[in-house]
Each structure stands twice: as structure tokens, then as C-alpha cells.
């Protein structure tokens, strides 16, 4: 039985030995149920042990294996080879520095996550002994979708604003701030607004919507950003209008 | 050329500058020799659920303590994220600590330490409420209280859940919460290679920074290992690629015994082509298992009588414990009642009667996974499944305080064995365990800092760190040989699957023992690197991970061979009964660098539940 194969082009780069990245072509078996990550693992195990990439769960929840696949930001573990005919081209995620091969430097993303204070800042303090905060299913549903982000960074690779203005806090981090702002238990919105409503925050977004298109978990960061903009605008009017009315 | 390529290229200069590789590349090739020393109070190895919970507990208890959180992956990549079903904690009016205790001890086939289980069930509700206060999006009842779902082997509904992404939400809640504490310093993508032990006390560790390839020497007054499980020893498993037993191997090589390693949990419902887990919640919500003939075969293995489809009866049939369900599959396979698929024999998980609405609300991830990876939509079709390696009941020997026999060294989570899980863990106890014992390890470490009086011998610790670095350098210097890392890993996995699976024999285990000894020898003499550069070298990483797995596998097989009885998840075809006279005791495997481990045993703590019959028949209720 002859096995069908397909070309896999991988952008390689080793800062110790290469002055710039280059393409390397591997021929890999073409199985309908294989994902691109399976092809990379095939290369690593059987052809070239020097190839490097991040992966772990192989079930689209750990967020490690985001990469550009034929020009689009995708999770390698959820992109099926059957969707490609002749050539699969993989590169590191766009808009991030390359650390080695398909591995990017994540520092900027991780520091932005921390900056938006992505944790519950309770409206009212309640000791653990008094049990859980009450939260109805409807209240949960207000923010649930925005809590699904796996930090895969595909949205940053898709975002044209982030490409132009690297200090833009970006889709995932702002969405996470929005998730806590919408939580009925939370009272920390004012603190987060200092970052989210700043010049580096929501107002950099021009609503291209590429982030939501790229999101593998249907979190809809573009929707979150637009909601955050509206809320921030209302804040502005409240602040300025009430001070004017009080004059 | 695409815009993103240009953009990547532009940033390269920044990368090169950042790591200063410009001066003499050739000289820098081969393992970097300069070592950085980091002083901290408590070092934590692993930043999954247990490691993060421990870090937060230290930060809350004493903000002046410096914490180094050392993890081979970014925290949110840790495998806690893949846990689906939920976390057990008795909170509802109809439930009690007594019930949770009895379910856990019986589920563990009386190998659980009952003092530890008592502590665990008592702390469980508090930890789950704490997580709720940190923002975890638990599912709710209409009145706003936390909702619970049924799980296998539990006689009352007590599993808190966030749809079928409970582990994901727990991990992200913990990670995000941890970001507010300035005393937690993250060392992400640092691979720990050795513990530094002097004067009977663990005083630090060495770790390779993946980004630079540089060895770092962490000086700590206490170390907590929270490195997760080792399911990747087996070829067909639910575990992420990172679960290679590194934390277990670190402690084992430092002299701490690995306890009860022979107890490996097979989860009954994995997707046959990938091993992807379909949560026990599928059955908790009412899904049923049928064989090729459409029969609910569990009734033929002491789990009957058959319960009405769509009407849940707890702790029987599909809501029996995982060991029993996986064993029933084996027998169905022997009888020829399984379904042939291109990926091996299967049974069907039927959820069609649950309806689209409930599946989308409570099991959306299961639907997404089955549909994407197998092309089967559980709303419309039965899903072929088979048992898959999921969890290690055994691990680093600790006491009820999460302390190992080495002073200043603690362990928590899947890498540890307290043991609350005994011979078989109940589903939804492990997510609670990482919280309860992650925190416990932190508190014990703080107590240790307050009481420890040992002296710090700088020269001895530096020499150990140097030796650790030399060991890695040896790998770099060794010429490329005939042994491939992936080849040896495959041989290990094959022997584990063949000989250390759901049912075992003395003969098979002896074969595995011989094979593993051979692999360990070949590894020690012949493992070599194709990649001899420093930056993000996963050839090196995989070599070290293979070393961890081989050590864990040998401990597992030796313990299994010596346990001549069948208990919980350890089933011997040549010793089919449970033997409380000779084997109501914990196995302890002690490391030896070139020979199989030395085995010893320790007593099981029994406080109020004498070993009895595990009864999952619906009849006796």
C-alpha cells in the first residue's frame, strides 16, 4: 500500500546559528484524521529531532500550539491535514519575536495579561466561612463566554492594530478585563479602566474583527472590546455631564 | 510576501540583541557553562493547579516570603487545564463529610490513608468556596447557589463543575489570582533537573532556562514539588505531552520513595483515535455504555441491575468507579462483544437521549471534541470509546502534611501520594486534592522555615549544582549515536501497554522489568543529542523527560510485580483476589541508579472504616 504524502514547509530559525529564518521542507504522510501537530510530531520523532515548537494537550485547551498555518493564525492541534491539498506551510505566530523555530517570545502578552488586573476584586468582602457568593445562571451567562480564553495569542497575530502599535493591550487581555467587569461579584472596574480605557487600551481598536474570526474558542474578543468602548463612553459622559449639570 | 513574515523578520534583530548571541556563536554552542544563582525562600516546581495554589497560600500567609514558581511551561499550559468533569466537595444539605469519606475510602479499595481522607473531605468545601471567591465560574442553581453533578462511585451528587471545562477554569482562576501577589516570581519555561539536598534537607534545585539554555541554581529554604503525573509512559493516554513524571523522578533520585506506583487509572471513556478524554460527566448527566450488541454490559460485572435510561441511580452501572468500568471493558473484549474500529476495539457511549440542549449546556466541550477529532456528533450518534491511561494514584511519598521524608521537601497534586486515592481514585477528587494539598504543602513549608535549624553548606550545594550541570554537559559532548530518543520512548511505551495495563501477569511484568532495565542501561550509555545548541532545545528536553519516565516506569513495574494480589486498579490475572493479610500496605520503591528499585512497605492508616466489600450493585441499597 502506498502512503499518500504531503509537503510540510516549516520556517526555521536558530538565533545561535542563523542570521535570518529560512524554509525547510519535509515530506510527511497525509492522513485525513491527522492534525498539523501530528505532522510536526512525525517530523520531530522520525526525520529531524532539531525542530522545535510548543505543544501539550492535543485537544485545543492548553493554548500552546498557536502558529501561522498557510498564512493564518491557527492551533496546530485543531487544524486538520485533510483541509490541505498539496502544501502546508507553518510559521511562528505573527507579530511576536521568534525565539527559536516555531517558538515565539511571549513576554509582551504575559505582561499585558497581568496589567489588566485579571482577578476578582470583590464588591463586598465575604469570609470563606460564609459560603459562596450568590450568582444566578443569568448573571453567570453575562461573562461566561469571555472566560473561555485559552491564551493562545491567535487574536494578537490576527490583529492589524497590534502589528502597527505594539503597546496596544490587545484583544485577549482586554476581553479578560471585561470578563471580570461583567462578573456580578466584582467591583474592580474602575481600577481596570485605568489600563483598559487608556491610550493603549480599547481606543486603539478599530473594530476590524479579525480577532474574533481567529479565536478558536469563540470568545468573541471584538464583541468584548466594543462593549468595553460603549461602557467607557458612558463613563465619560456621566463624569463630564454630571459635573456640568452640577455647576 | 505576507505582512506577518516581514514583521517577524523585523523583530529578529531585537531577539538576537536580547540574548547577546552576537560575539562568538561557535563558542556558545554546546551547553552554556555560566550559572546564575537565585535566592528565594520557597521554590515550587510546577505551576499547575497544585503549584499555583501553594504559591498563593504562601503569598497570603506571609507576603515577605520570596516565592520562586519554576515551571517547564507557562502556568496556563499545565495539564490541569484538560480536566473536564469537576471537583468534589460535600456542601449540599443532604450530603456529609462522612459520605464523602466512605465513598473515597471504598473507591480506593481501602488502600487510602483514612486520616488523610478525613482531612481532605473536611477541607474540600472550604477550598471550593475559596475558588468561588476568586471568581471561578462554577455552574449555578436557579437560586444562585453552586450546582453539583453526580460522578462515579459517589453516592450523593457532590461534584462542583464549570460545564465540562472545570480544570480549565480552576487553572485560569488560580493563575489570574496569582498575578496580584508581587512575592510570586514566575520562572516560566524552566526545566528542573535536580534537587539540592545536604544535611538531610532540601535546599534548592537546578533548572535549565529554555530560552537561553542556561542552568540556574535556585537556593531555597524549602521546596514544593507539584510536577503532575506521568501518563506519557503509556502510548494511549489522556495526558498532555508535558506529563512525563519529572517531579516524581526528581524526588525519587534524591532518595524519597515513590509510593503505590502500580496503581494506574484507566479512564473508561477515551476517544479511540487520539485518547482524548470524554468526561465522566457524560455518564453523570445520564450517558450509557453499550457493547456491540446494544447491551448495557456493566450489569454483567456486578454493577447491575440495569437502571432505566435517562433515570440516574448513583453509584451503580455507569456511575460505578473507573477501575471497575475499565475492567468490564477488558472482559467484553475477551468475549468478542466489543466493536471493531480502525483504532482498536471499542464500546459505545450513548448520549443521544440527553438531547441537544442539555449537551450544549453541560457538555459543550465533549461535543466539540467528539465532533472535531472523531467526526461523531454525540447529539446524533453513539460515540465509540475505549479505556485510556489517565491518572497515577501513586507518586512521591508524603505524609498527611504533604511532607516527604527529606527535610524541607514537600509534594502535592498528582505527582504526590498522600494517599487519599488508594488503589483507585474517584473522579472529581483530584481537582479538589490539588487545592487541599497544594495549600497544605505551602503551610507545611512555612512551618518548616520557622523551625528549621540546619546549616547551609555553600560549598556542598554549589558542588551539587555543578554536578547537575556537568551531567547535562555530558549529553552535549557525547557524539550522536545509534539510539534515538523517540525510538527508546516507543519501546518503553509498548512494553508498558503490553505488560502493565488494566490486567497484568507476573510473567508480563517480569518481561517489562527486564526490558526497562535494558532501556535504562541503553539510555545511560547511549542517549545523545542531535541538537547541541542552547535556545529552546526540545531535543534536550525530550531526552531528560525520557529519563524521568524510565525511572517512574521501573518503579511502577517493580511495585506491580511484587504486589501479588488484585486491588482497585492493580489487577493480576495470576492473583485475582484482594489479599488484606499480606498486601493491605503501601508499596515504597527506592531509587537505585543502575538496578531495579529496592522495595519496602508501610502501613495503611485505618481510623474508622475496616476493609470491606466494594459494592456497586444497585440491589443492595
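Quick notes on this structure:
- Some residue of the range B:334-342 being assigned to a helix (DSSP H, G or I) and over 24 Å from residue B:425 (Cβ atoms): yes
Residue-wise test of (1) outside any helix (DSSP H, G or I); (2) surrounded by 15 or more Cβ atoms within 10 Å (Cβ to Cβ).
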position	(1), (2)
B:442	no, yes
B:480	yes, no
B:489	no, yes
B:495	no, yes
B:507	no, no
B:512	no, yes
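- Search result, residues across the range B:132-149 that are in contact with a strand residue (DSSP E or B) (Cβ under 8 Å, 6 or more places away or on another chain), over 12 Å from residue A:139 (Cα atoms) and either in a helix (DSSP H, G or I) or within 7 Å of chain A (Cβ to nearest Cβ) (or both): B:132, B:133, B:135, B:146
- Residues (within 7 Å of chain B (Cβ to nearest Cβ) and touching a helix residue (DSSP H, G or I) at 6+ places or on another chain (Cβ under 9 Å)) located in the range A:127-143: A:128, A:131, A:132, A:133, A:135
- Residue B:228 being within 14 Å of chain A (Cβ to nearest Cβ), within 19 Å of residue B:433 (Cβ to Cβ) and under 15 Å from the mean Cα position of the chain (by Cα): yes
- In a residue-by-residue description of the range A:191-206, the property of being at pLDDT 95 or above and closer than 30 Å to residue B:93 by Cβ applies to no position.
- Considered as a group, the residues in the range A:1-45 that are over 15 Å from residue B:531 (Cβ atoms) and either out of contact with any strand residue (DSSP E or B) (no Cβ under 9 Å at 6 or more places or on another chain) or without any contact (Cβ under 8 Å) to a residue 12 or more places away in the chain (or both) include one that is farthest from the other protein chains (Cβ to nearest Cβ), and that residue is A:2.
- Candidates B:106, B:86, filtered to the one that is buried (at least 24 other Cβ atoms within 10 Å of the Cβ), modelled with pLDDT of 95 or more and under 20 Å from the mean Cα position of the chain (by Cα): B:86
- Set side by side, the residues B:150, B:142, B:137 differ, and just one is within 30 Å of residue B:92 (Cα to Cα) and without any contact (Cβ under 8 Å) to a residue 12 or more places away in the chain, which is B:142.
- Search result, residues across the range A:79-114 that are outside any loop (DSSP other than H, G, I, E, B), surrounded by fewer than 19 Cβ atoms within 10 Å (Cβ to Cβ) and touching a residue at least 60 places away in the same chain (Cβ under 8 Å): A:87, A:89
- Per-region count, the range B:580-621, residues outside any helix (DSSP H, G or I) and more than 28 Å from residue B:98 (Cβ to Cβ): 15
- Filter pass, residue A:175 being assigned to a helix (DSSP H, G or I) and over 30 Å from residue A:126 (Cβ atoms): no
- Here residue A:227 does not fit the description of being assigned to a helix (DSSP H, G or I), under 25 Å from residue B:75 (Cβ atoms) and not assigned by TED's automatic domain parsing to the domain that holds residue A:56.
- Meets criteria (farther than 25 Å from residue B:227 by Cα and within 12 Å of chain A (Cβ to nearest Cβ)) for residue B:538: no
- Some residue of the range B:154-166 being part of a helix (DSSP H, G or I), buried (at least 23 other Cβ atoms within 10 Å of the Cβ), facing chain A (nearest Cβ under 7 Å) and under 20 Å from the mean Cα position of the chain (by Cα): no
- Flag for residue B:116 being more than 9 Å from chain A (Cβ to nearest Cβ) and surrounded by fewer than 23 Cβ atoms within 10 Å (Cβ to Cβ): no
- Within the range B:180-203, the only residue that satisfies the criterion of being at positive phi and either crowded, with 21+ Cβ neighbours inside 10 Å or under 20 Å from the mean Cα position of the chain (by Cα) (or both) is B:189.
- Any chance residue B:365 is at pLDDT 95 or above and within 14 Å of another protein chain (Cβ to nearest Cβ): yes
The values are calculated or read from the model by the stated rules, or taken from the named source; none is laboratory data. The model shown is predicted, which means the values in this text are computed figures rather than measured ones. Because the Cβ atoms are built from the backbone with ideal geometry, glycine has one as well, and the counts that use them run over all protein chains shown.
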